[in-house]
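The values are calculated or read from the model by the stated rules, or taken from the named source; none is laboratory data. Computed from a prediction, not measured in an experiment: that's the story for all the values here. When we count neighbours, we look across all protein chains shown, and the Cβ atoms used for this are built from the backbone with ideal geometry, even at glycine. The accessibility values were calculated without ligands, DNA or RNA, using every heavy atom of the protein model including side chains. Shrake-Rupley method; radii C 1.70, N 1.55, O 1.52, S 1.80 Å.
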Amino acid sequence: MKLGMVGLPNVGKSTLFNALTNAGAASANYPFCTIEPNVGIVSVPDSRLDYLREMYHPAKFTPASLEFVDIAGLVKGASKGEGLGNKFLADIRETDAIVHVVRCFDNTDIIHVDGNINPGRDIETINLELIFADIEMLERRIDRVKKLLKGDKKAAGELETLEALKSHLEEGKTARSFGSLDADFYKTTPLLSAKPVIYAANMSDDEIGKFSDNDYYNAVKLIAEAENAVILPICAEIEAEISGMDPEDKMLFLDELNMENTGLERIIKIGYETLGQISYLTAGEDECRAWTITNGTKAPQAAGKIHTDFERGFIRAEVVAFEDLKNCGSIASAREKGLLRLEGKDYVVKDGDVVHFRFNV
């Protein structure tokens, strides 16, 4: 899973990226500090996997991972190449979802590219550049489909959809607010404004506990609700402090702030939910590992995440829910109590399933 972090220059995007990933990306108070995208890969915290490690003491421990891409600040005209815009838009195209960092704090020492703080305008600036790039892509697609009209009856229906979507975008609306289009459509027409978005409202440290009083945050919230998007109140400076702490100090610090989780944990949770991802687990003395799959994946395809031979030669899956295994204390006990199940090709793997695949190639 790859999340692209976008935003105007100087909104705290690279500071937040550094805090989330400890990748040491450059962060400074001037536009285009980030030119090449910085990439950070983080382990996905999973208490279930931690418990299995204590149970098995494996030789290898492999949590799921999440990739963050810190994409340079966009400006007006990016879709036409302004501010190295074409490069930045190409970087966004490679991501699964967008974390749109929006500045929701006042600080006269940190310049704003447009001179003042206005979250609605900032969001519109980013969205319009994505929309303009999408319109160009749709125009090329429409031209190709028109050439097929005489020999392909399906082309007429596709053309109607493409033109309706183009009209929608020309009204300044994102593709994700257009309605339901199947995944196959976006495979052939990967629109930037169709990507799921998480609005990260970056606030000052004295406002994070009372974000509903922040007018900037409330402006972002209204936009997120209209787009059926998620909003995450966060403070990049606090996350930067947390990132350098050991686990015990981190928990004490979070308690003082009345925060249950770090920003990283919250973004990961929202990212999984937004993209419809879950994790199943494999466990043994050799390795305990979490595997990320799309919710609704059947057992053979889930097995294919481990190796293509597992999917090709799939026989069955031995499955026990994590909570059942935890309560029983061992696989043997779970088997004795009838909680270890044998599942076939039609079984849909559930979040937290502990699975052992049988296969023959």
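Note on segment 40-60: among residues that are under 21 Å from the mean Cα position of the chain (by Cα) and exposed (fewer than 15 other Cβ atoms within 10 Å of the Cβ), the one that is modelled with the highest pLDDT is SER47. In summary, ILE231 fulfils each of the numbered conditions (1) open to solvent by less than 50 Å² (accessible area, probe 1.4 Å); (2) under 26 Å from LEU89 (Cα atoms); (3) not in a strand (DSSP E or B) with the single exception of condition (3). Per the conditions (1) under 19 Å from THR62 (Cα atoms); (2) in contact (Cβ under 8 Å) with a residue 40 or more places away in the chain; (3) not acidic (Asp, Glu), the sole criterion not satisfied by GLY304 is (2). Comparison of LYS337, LYS345, LYS298, LYS350 shows that the only residue that is under 20 Å from ASP50 (Cβ atoms) and modelled with pLDDT of 95 or more is LYS350. With respect to GLU36, is the statement that it is at pLDDT 65 or above, open to solvent by 30 Å² or more (accessible area, probe 1.4 Å) and of a type in the set (Asp, Glu) true? For GLU36, the condition - at pLDDT 65 or above, open to solvent by 30 Å² or more (accessible area, probe 1.4 Å) and of a type in the set (Asp, Glu) - is not met. For GLY313, the criteria (1) free of Cβ contacts under 8 Å to residues at least 12 places away in the same chain; (2) open to solvent by less than 40 Å² (accessible area, probe 1.4 Å) hold in every case but one, which is (1). Exactly one residue out of PHE314, PHE322 is of a type outside the set (Lys, Arg), under 20 Å from ARG53 (Cβ atoms) and touching a strand residue (DSSP E or B) at 6+ places or on another chain (Cβ under 6 Å), and it is PHE322.
Could you give every pair whose Cβ atoms fall below 6 Å, whose first residue belongs to segment 216-240 and is among the hydroxyl-bearing types (Ser, Thr, Tyr), and whose second residue is surrounded by 18 or more Cβ atoms within 10 Å (Cβ to Cβ) and modelled with pLDDT under 90, counting only separations of at least 6 or pairs across chains? Hits for this filter: TYR217/PHE211. Reported count of residues in segment 316-327, each being open to solvent by less than 30 Å² (accessible area, probe 1.4 Å) and either farther than 15 Å from LEU281 by Cβ or among the acidic types (Asp, Glu) (or both), is 1. Does ALA183 satisfy being small (Gly, Ala, Ser) and touching a Ser or Thr at 6+ places or on another chain (Cβ under 6 Å)? So ALA183 fails the test.
Determine whether ALA236 is surrounded by 14 or more Cβ atoms within 10 Å (Cβ to Cβ), farther than 18 Å from SER47 by Cα and touching a strand residue (DSSP E or B) at 6+ places or on another chain (Cβ under 6 Å). Walk me through how you get there before you give the answer.
Values: surrounded by 14 or more Cβ atoms within 10 Å (Cβ to Cβ): yes; farther than 18 Å from SER47 by Cα: yes; touching a strand residue (DSSP E or B) at 6+ places or on another chain (Cβ under 6 Å): yes.
Yes; evaluated as a whole, the condition is true for this residue.
On inspection, THR108 fails the criterion of being surrounded by 15 or more Cβ atoms within 10 Å (Cβ to Cβ) and among the polar types (S, T, N, Q).
When only residues in segment 159-204 that are among the charged types (D, E, K, R) and modelled with pLDDT under 85 count, which is most open to solvent (accessible area, probe 1.4 Å)? Explain how you work it out, then say what you get.
Initially, segment 159-204 is screened for residues among the charged types (D, E, K, R), giving 160, 163, 166, 170-171, 173, 176, 182, 184, 187, 195.
Now restrict to residues that are modelled with pLDDT under 85: 182, 184, 187.
Working: ASP182: 99, ASP184: 99, LYS187: 153 Å².
Only one residue fits best here, namely LYS187.
Taken together, the criteria exclude LYS269 from residues that are at pLDDT below 90 and of a type outside the set (S, T, N, Q).
Restricting segment 46-60 to residues that are of a type outside the set (A, V, I, L, M) and touching a residue at least 60 places away in the same chain (Cβ under 8 Å) leaves a set whose member that is nearest to ASN261 (Cα to Cα) is ASP46.
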